[in-house]
1. If we scan the range 10-26, do we find a residue that is over 30 Å from V76 (Cβ atoms) and in a loop (DSSP other than H, G, I, E, B)?
2. Output the qualifying pairs, or none if there are none: Cβ atoms under 6 angstrom, residues six or more apart or on different chains, first residue in the range 23-42 and within 24 Å of E12 (Cβ to Cβ), second residue surrounded by 10 or more Cβ atoms within 10 Å (Cβ to Cβ) and modelled with pLDDT of 90 or more.
3. What pairs come out if I take residues in the range 45-68 that are at pLDDT below 80 and pair them with residues that are surrounded by fewer than 11 Cβ atoms within 10 Å (Cβ to Cβ) whose C-beta lies under 7 Å away, six or more apart or interchain?
Amino acid sequence: MSSILRKLPSKERLLQVKKLSAEIFGANWNPEGKRNGSKILRAPLKGPELKNYYGDNNATPTFKDFKAWFPELRLVDPKEVYRLKMVDDRKKRNKGAPKKKKQ
């Protein structure tokens, strides 16, 4: 009966096996369980996927683009005119941006 039941491997031996397994399979070896960036580094990059989802911002021409392409038309952006008017009104009511510090 005793020959069937063998001794379990020691804790040190189990750690050696786990370390060797991590080396073989390219896993991160962290026996102390300390926090590190391996979870983030192991994840696939999100940049190309996000770029494909949202598309290229430069694909659609803006009003500024048309203004640059056709300067002879002297186009006026109504949104920009309104914005400048609102900035001016806020300055008159002392609600504008503070003056920059001179050095």
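The values are calculated or read from the model by the stated rules, or taken from the named source; none is laboratory data. What you see is a predicted model; the values in this text were computed from it and never measured. Positions of Cβ are generated from backbone atoms using ideal geometry, with glycine treated the same way; all protein chains shown enter the neighbour counts.
1. yes
2. Partner pairs satisfying both residue conditions: W29/K19; W29/A22.
3. none
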